[in-house]
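The next block holds one structure in the form of C-alpha cells; read it before the comments.
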Amino acid sequence: MADTDLTRVEDWLDGFMLHLEPGARRKLTMKIGQSLRRSNAQRIAANKEPDGKAMAPRRPRVGPDGKPVRRKRMFRRLRLARNMRIKAKPDSVELDFGGGNAQRIAEVHHDGRTDRVGRTRAGRTIRARYEARRLLGFGGDDMDVVLEAVTGALASD
C-alpha cells in the first residue's frame, strides 16, 4: 500500500476525530483495533503476510520411519485474541503480542531469528533458524477494514 494513501486516510480520520470527545475517540480506536486484530488473525491463519504474499513454508520434517510427518497449522495460538493485545488511546491504536512466550515466538518468526527448540538427551540445547514471516502489519485490505469500523461505530452512536 502506498504511504500517501495511508497518510490521506490518517488526515481524514484526524479531522474527523477532532469533533469527538476523548472517551468516544478511545471507543472508536478500540473498534478499529478489534477490526485490525480480526483481519491480522485471518491473515495469519491463511499463512499470508500483510503485503499479500505467502509466508515462507515450514521445513519438511521426517519421522523415524523416514516418512514425512504431517504437522498442524502454524501460529494456532498466536492468532488468538488473548495473545494479540490492543492498546487503544484516544489518538492512536497499537496491536502487539502481549508479552511472555507469545511475544518471544512472534519476534523470532517476524524477524527470522534463531531460537531454542529443545534439548538433546545429553542436555545440550537444540537451536533452529526460522525464516522471517511478518505476522502483524497493515495490508491492502486493512484500509477497508478501518473504514468499515469507523462508519459502523459512527452509525451506532
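Only the coordinates and a few stated rules stand behind these numbers; no lab work does. Computed from a predicted structure; not experimentally measured. All Cβ positions, even for glycine, are placed from backbone atoms using ideal geometry, and neighbour counts span all protein chains on display.
In the stretch 65-133, which GluC sites (Glu not before Pro) are in a loop and have at most 16 other Cβ atoms within 10 Å, using DSSP for the loop call? Show your work: numbers first, answer last.
Values: sites: E94, E107, E131; in loops: E131.
Here the GluC sites (Glu not before Pro) that fit, given the DSSP loop and packing criteria, are E131.
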For helix 3-17, what angle does its Cα long axis make with the longest principal axis of the chain, in degrees from 0 to 90 and rounded to 10? 50
Ranking A88, G66, P22 by how far each Cα lies towards the positive end of the charge dipole of the chain (+1 on Lys and Arg Cβ, -1 on Asp and Glu Cβ), the top one is G66
If each part is reduced to its alpha-carbon centroid, the stretch 21-58 and the stretch 111-157 end up apart, in Å, by 10
Under a point-charge model restricted to the Cβ atoms of Lys and Arg (+1) and Asp and Glu (-1), what is the dipole moment magnitude of the stretch 41-156 relative to its Cα centre, in debye to the nearest 20? 1300
Compute the helix-to-body angle for 142-156: its Cα long axis versus the longest principal axis of the chain, expressed 0 to 90° and rounded to tens. 50
Just to be sure I follow the rule: in the chain, considering lysines 8 or more places apart or on different chains, how many pairs have Cα atoms under 12 Å apart? 4
What ranking do 79-91, 49-61 get when scored by the average of other Cβ atoms within 10 Å per residue, highest first? 79-91, 49-61
What is the spin-label model distance, in nm, from V117 to H19 if the labels are put 7 Å beyond Cα along the C-beta direction? 5.5
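Please list, by residue number, every one of the trypsin sites (Lys or Arg not before Pro) in the stretch 112-157 that is coil in DSSP and has at most 15 other beta-carbon atoms within 10 Å.
Hits after loop and neighbour filter: R113, R121, R124.
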